[in-house]
Amino acid sequence: MPPLGLHMVVARSLAADLDSATLDADRGAYYLGATTPDIRILTRWDRARTHFFDLQCLGEQSGVRRLFEQEPGLRDARALDDATAAFVAGYISHLVLDEEYITQIYRQYFGKGGLLGDELMADVMDRLLQLHLDREQRTDAEATDDIRRALSETSLELAVDFIAGDVLRDWRDRQVEVISTAPHFERMMSRHLQSAGIGEAAIAGFMEQHADELLRGTIDRVGEERIREYLDSAKQKARGVIREYLA
């Protein structure tokens, strides 16, 4: 699914469009929310516990709807303090971007039965595309510095019961590091290949000889227009859901 840096940068662009006093009151809480569904990286929880979405279910799902079913105290933004409402709005943006990627890109191209899903390198191609999007969207140093500063300054006084405050603080510190560090494409890709069971020597050779070629082939086969359509439609949907939530 989209990397954490991409989630934060997209959240910032959504906030500019929404022009919400609630989001502006604590942008750091908002950006933190935009990453927190992936807190399972830290906690080792099952993905469905924080994304409210079952990857094995091919039917229609809404992580936002399930979030509010399981956490009804977060449903009404007007009943929450600004920091908590901003955090939830960011959380919504993450859920929508992930779900749109799953349905528009992953399942159509890389998943089982997808156009590339039967190929040995389908998972690697999927990850290459995600990292490419992250790197492409994080070229604005002013934007990333603004996100870093907001994350560092947020008070973390959030009324979010399903994640402990000390865990959120640790996660926030990690996200400050994420957004402060330029994405290292080769290093991130190497970690993914290692988790797939590929040895270090083979990884070094692959990255040197084939990574750029495979990325170019992935983009060509998915299509640059299709990738842009995903980003545009996901942003549009997220804007609509957040606007409705904050209304």
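The values are calculated or read from the model by the stated rules, or taken from the named source; none is laboratory data. The structure displayed is predicted, hence computed values, not measured ones. In this analysis, Cβ positions are derived from the backbone assuming ideal geometry, glycine residues included, and neighbour counts consider all displayed protein chains.
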(message) Restricting to the range 4-33, give me the number of residues that are closer than 11 Å to Leu151 by Cα and surrounded by 24 or more Cβ atoms within 10 Å (Cβ to Cβ).
(response) 8
(request) Select from the range 18-30 the residues that are of a type outside the set (A, V, I, L, M), farther than 21 Å from Arg66 by Cα and at pLDDT 95 or above and list them in ascending order. (result) Ser20, Thr22, Asp24, Asp26, Arg27, Gly28
(message) modelled with pLDDT under 95 and surrounded by fewer than 17 Cβ atoms within 10 Å (Cβ to Cβ): which single residue out of Arg75, Arg47 fits that description?
(response) Arg47
(message) Being under 16 Å from Met1 (Cβ atoms) and either crowded, with 21+ Cβ neighbours inside 10 Å or not aromatic (Phe, Trp, Tyr) (or both) is true for just one of Asp82, Asp161, Asp145, Asp134. Which residue is that?
(response) Asp134
